[in-house]
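Written out below as structure tokens is the structure these notes cover.
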Amino acid sequence: SMAPLNPQQHCHHLHNIPISQTLLYCLTLSSFFVLSLYVFVPSSVRRLPRDHVLHIKWRAGVILGVMITAVGVYPWLFCQHTLDDADAFSDSTVVNPPILFPPWYKYLGFSWQPLQDLQIALHVLILYLGSFTCTWLKIYHHARILHWEKERADKKNGESSRFPPNSKRQQLPIIPKPKYLRSSLNYTWIQPTIQSFQSFHDDEDHRWTNLRNLGIAPLAEEVVFRACLLPPLLASRTNSRNGSLSLSKLSPTQASWIAPLFFGVAHLHHFYEKCRQLPPKKRSKKVLCQLVLVVTVQWTYTTLFGAYVSHVFVRTGSLSGVTLAHVICNYMGLPDISFA
């Protein structure tokens, strides 16, 4: 007999899905994610600069719509609506079959695990020890300059300069006083942070750019490229060499490397965007080769990052955790060593 299941309450996720069907689903969803930015955003808006407020608002609305659609159709694609008795019972004990399976949204990582999310954030921050080191060196070096300038002014050895003379007596101090470290910290980090929050409140361009980079994009991309792709990949089966269906499933490692390929490919449209923004006279072979190099580096970075957060999602099942990791990476970026 068949037991009915309500996917909104109890989802028996499909298993042994042919890998070809899963890959087609992943390709369709990632293509829909990208093409929606061109199909549903008016051409007059697409011609605006990428950071224009109207352009950001349109793209944000479309991407959030794609995200909601992907989540909405997921239970109807991958949750069984009826259940065989053989699947419902693991022994002869009579139980209510629906209670054996979690709600569909649990498969997508919708859960509340704040301590685990904090651990994920701390783990990501370890990856940015280089950025923290560069920031500290910048603060430390600026404090040494402040200390040296104050001592030189007090000794009245000439007009103050930001660069020390060749005299050994007037070299930058190795260990600046705490008050200069506080002044440097205030100058290089606290004041810029306060100004950034002030700009977020006063400047609409700044506000929407940050909402896109630190809110809308991380959330939509993690929902679509992690939550909606990884569970079907983990439930997929591969084919044996003779063409018969085997019971072999994708390993978590394999799924964690396949999913980010679609995430990386979805960013390749940036090449078209950059080419479109170039004036026709500047579209030389050299410039196009430089764009190819930039996009290749970006694709490599997004793929490696995607593999990392995919692994985290598989291990923790936390959508909020990987979204937080994405926000941190977008905020931190690459280390700034320009002060050197």
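The values are calculated or read from the model by the stated rules, or taken from the named source; none is laboratory data. Since we're looking at a predicted model, the values are computed, not measured. As a convention, Cβ positions derive from the backbone with ideal geometry for all residues, glycine included, and neighbour counts pool all protein chains shown. Heavy atoms of the whole protein, side chains included, go into the accessibility calculation; ligands, DNA and RNA do not. Shrake-Rupley method; radii C 1.70, N 1.55, O 1.52, S 1.80 Å.
Residue count for the stretch 39-75 under the criterion of being of a type in the set (Phe, Trp, Tyr) and within 17 Å of Ala266 (Cα to Cα): the result is 1.
Counting only helices (runs of 4 or more DSSP H) that sit wholly inside the stretch 149-219, those with at least 1 residues that are open to solvent by 90 Å² or more (accessible area, probe 1.4 Å) and either modelled with pLDDT of 80 or more or touching a Ser or Thr at 6+ places or on another chain (Cβ under 8 Å) (or both) are 178-185, 191-202. Go through the stretch 34-46 and give me each residue that's open to solvent by 80 Å² or more (accessible area, probe 1.4 Å) and part of a helix (DSSP H, G or I). Selection gives Leu35, Val39.
Just one of the listed residues (Pro75, Pro49) is touching a residue at least 60 places away in the same chain (Cβ under 8 Å) and open to solvent by less than 20 Å² (accessible area, probe 1.4 Å), and it is Pro75. If the condition is being more than 8 Å from the chain's Cα centre (by Cα) and assigned to a helix (DSSP H, G or I), then the stretch 310-323 contributes Ser310, His311, Val312, Phe313, Val314, Arg315, Thr316, Leu319, Ser320, Gly321.
When you check Trp136 against the structure, is it touching a Leu at 6+ places or on another chain (Cβ under 7 Å) and either assigned to a helix (DSSP H, G or I) or touching a residue at least 24 places away in the same chain (Cβ under 8 Å) (or both), yes or no? Against the criterion (touching a Leu at 6+ places or on another chain (Cβ under 7 Å) and either assigned to a helix (DSSP H, G or I) or touching a residue at least 24 places away in the same chain (Cβ under 8 Å) (or both)), Trp136 does not qualify.
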